[in-house]
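The values are calculated or read from the model by the stated rules, or taken from the named source; none is laboratory data. Since the model is a prediction, treat every value here as computed from it, not as a measurement. Virtual Cβ from ideal backbone geometry, glycine too; neighbours counted across all protein chains shown.
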Amino acid sequence: MPLKAQLEAIIYATETPITLEQITALVKESVAGEGVSDEAEIKSRVRSCLNELVGEYGSTDHGIEIREVAGGYRMSTKPEQHEVVRAFAKSLKPPVRLSLPALETLAVIAYKQAVTVPEINDIRGVDSGGVIGTLLDRKLITTAGRKQVIGRPILYKTTKEFLMRFGLKDVSELPSMEEFEKLVAESFQAELIPAEDTSTAPEPAPAAEGAQANESQSEPDQVAQEEKAG
């Protein structure tokens with residue numbers, strides 16, 4: 001991959017400004033593979049490519065720019081595009097915030113669908129009836145008929161909204177159960193439960209500054225109800 005393309009991808013992916021030194025360390029092996037071994041020369045090439053990228057994104061053909069912020073580089077929308085970005089941000093759906101019992105239940109449905117509540121309870125070892133309503137309200141799951149057994153319990157499956165929220169083409173793209181559990185644990189510890197605690201929340205990107213002030217709300221009552229049910 002060309003060096004410029006690598007730098008563009010790195011800067012696009014970073015949430016906080018990334019320094020020249022950090023970028024150089026990431027692409028060092030790639031540049032060295034082109035026959036450049038001197039560290040000063042490698043850093044010079046990286047700096048040169050960065051300057052080219054900054055110039056290219058500075059043209060009127062781009063709605064975003066690469067800026068030097070706090071000693072590093074990051075992408076942000078250009079000031080003249082802020083209004084349209086704010087309007088777009090206000091139209092976005094609020095982020096999904098689920099308790100751990102709800103995430104566990106959603107995982108069972110995703111991997112075992114179509115599945116009934118008694119089957120979910122057997123897998124989780126606790127009553128999941130309380131969180132099913134939450135997942136239905138969020139349109140992450142839907143009914144899929146009734147199982148042809150005594151009592152004819154309702155079957156549940158995931159929805160198109162579930163695929164959209166998790167960035168999946170279809171359920172075949174779901175990671176392994178082990179990977180999913182790891183992702184859930186990391187997400188849960190990082191931000192899902194302490195939704196009411198904004199002291200450690202990441203700062204909004206400059207492009208949408210102030211646009212998402214009303215986008216997310218804490219749901220302590222809902223979480224408490226789900227945890228009690230779970």
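Exactly one of (1) surrounded by 14 or more Cβ atoms within 10 Å (Cβ to Cβ); (2) within 21 Å of the chain's Cα centre (by Cα); (3) modelled with pLDDT under 90 is unmet by Val27. Its number? Condition (2) is where Val27 drops out. Applying the criterion of being assigned to a helix (DSSP H, G or I) and of a type in the set (Val, Ile, Thr) to the residues of region 31-85, the residue that is farthest from Ala5 (Cα to Cα) is Val84. Only one entry in Leu98, Leu26 is in contact (Cβ under 8 Å) with a residue 12 or more places away in the chain, part of a helix (DSSP H, G or I) and among the aliphatic types (A, V, I, L, M), namely Leu26.
Here Arg138 fulfils each of the conditions (1) out of contact with any helix residue (DSSP H, G or I) (no Cβ under 7 Å at 6 or more places or on another chain); (2) at pLDDT 85 or above; (3) surrounded by fewer than 16 Cβ atoms within 10 Å (Cβ to Cβ) apart from (3).
So in region 1-18, with the set limited to residues that are touching a residue at least 24 places away in the same chain (Cβ under 8 Å) and exposed (fewer than 14 other Cβ atoms within 10 Å of the Cβ), which one is nearest to Val69 (Cα to Cα)? Step by step, filter region 1-18, then rank; the result is Thr16.
Restricting Glu41, Glu56, Glu65, Glu80 to residues that are free of Cβ contacts under 8 Å to residues at least 40 places away in the same chain and loosely packed, with under 11 Cβ neighbours inside 10 Å narrows the list to Glu80.
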